[in-house]
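K.L.:
Below is the structure I would like to discuss, written out as structure tokens.
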Amino acid sequence: MRGLIIKTGRFYFKDREKSTWPKGIKDYQSFEKEGKEFSNVINIWVCVEKNDREDYIINLVRRIKELNDNFYNLSHVVALPFGHLSNKLANPKKAKEFFDKIVELLQKDFKVDTVTFGTHKDLILEIPGQPAEVSYFEFPYSGKKPKVI
């Protein structure tokens, strides 16, 4: 599982068309005809991979809460399924199930909105320049800092 946790001052999305890839995506798609806009939210971009385990979900939710407690102090999360961060994608069924579980756990502590699954979208983000405004996550976590070359 990989993704981004982003503090956004403004986040907007509007669906353009349904995706035709990967195989099986049509059974899990949703589509919004109208765009939606959010202010001052924690934006979670989630990419579920083939070998992901359910404990990664708990680790992700813990990381989101940690960032919120230390940096963001926000009450609203917008979760976005985002398969563009890996070439080892889980099948659409598993990806949707994991995404829904992440949302369910986040709802215990946050107001949560979701972005559509399986569509091509227009996106607008405004990200404030401050510490931890964007945080990359990857599970399993290696515990190693990135190597600077």
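The numbers here are math on the coordinates, done by the rules we state, and not lab data. Fair warning: this is a prediction, and the values are worked out from it, not measured in the lab. Glycine also receives a Cβ, built like all others from the backbone with ideal geometry; neighbour counts cover every protein chain displayed.
K.L.:
Per the Kirkwood treatment, what hydrodynamic radius in Å, one decimal, follows for the range 2-138 from the mean inverse distance over all distinct Cα pairs?
P.N.:
15.1 Å
K.L.:
Here's another thing I want to ask about it. Lysines within cross-link reach of LYS101: Cα-Cα under 17 Å, excluding same-chain residues under 8 positions apart?
P.N.:
Leaving aside lysines fewer than 8 places away in the same chain, those within reach of LYS101 are LYS50, LYS65, LYS93, LYS111.
K.L.:
Longest segment of the chain with no trypsin sites (Lys or Arg not before Pro) in a DSSP loop having at most 13 other Cβ atoms within 10 Å?
P.N.:
That gives 109-143 as the longest site-free run.
K.L.:
Work out how much length ASN91 to TRP21 would gain on full extension: take 0.36 nm times their residue separation and subtract the Cα-Cα distance, in nm to one decimal.
P.N.:
Roughly 24.2 nm would be gained on extension.
K.L.:
Shifting gears a bit: Mind telling me which of ILE57, ILE124, ILE42 comes out most flexible in a GNM of the chain, alpha-carbon contacts under 10 Å?
P.N.:
Its mean-square fluctuation being the largest, the pick is ILE124.
K.L.:
Kindly state, to the nearest 0.05, the FRET efficiency for PHE71 paired with LYS101, given R0 = 30 Å and r defined as their beta-carbon distance. Working shown, then result.
P.N.:
Details: r = 25 Å, r/R0 = 0.82.
Taking R0 as 30 Å, the efficiency between PHE71 and LYS101 is 0.75.
K.L.:
Along the Cα-to-C-beta direction of GLU126, a point sits 7 Å from the Cα; which residues of the range 1-18 have their amide N less than 12 Å from that point?
P.N.:
Counting backbone N atoms under 12 Å from the label point, the list is 8-12.
K.L.:
Kindly provide the helix-only [θ] at 222 nm of the chain, computed as the sum of -39,500 (n - 2.57) over DSSP H runs of four or more divided by all residues, to the nearest 500 deg cm²/dmol? Each step should come with its number before you reach the end.
P.N.:
Working: 2 runs with 28 residues, N = 149.
So the calculated ellipticity at 222 nm is -6000 deg cm²/dmol.
K.L.:
If you keep only loop residues by DSSP, which chymotrypsin sites (Phe, Trp or Tyr not before Pro) in the range 77-149 have at most 11 other Cβ atoms within 10 Å of their Cβ?
P.N.:
Counting only loop positions with at most 11 other Cβ atoms within 10 Å, the chymotrypsin sites (Phe, Trp or Tyr not before Pro) in the range 77-149 are TYR141.
K.L.:
Oh, and also: At most 10 other Cβ atoms within 10 Å and a DSSP loop assignment: could you name the GluC sites (Glu not before Pro) in the range 7-79 that fit?
P.N.:
GLU34, GLU54
K.L.:
Still on this structure, I have one more. Report the extension gain between ILE149 and GLU34 in nm, rounded to one decimal, defined as 0.36 nm multiplied by the number of residues separating them, less their alpha carbon distance.
P.N.:
So the chain would gain 37.0 nm between ILE149 and GLU34.
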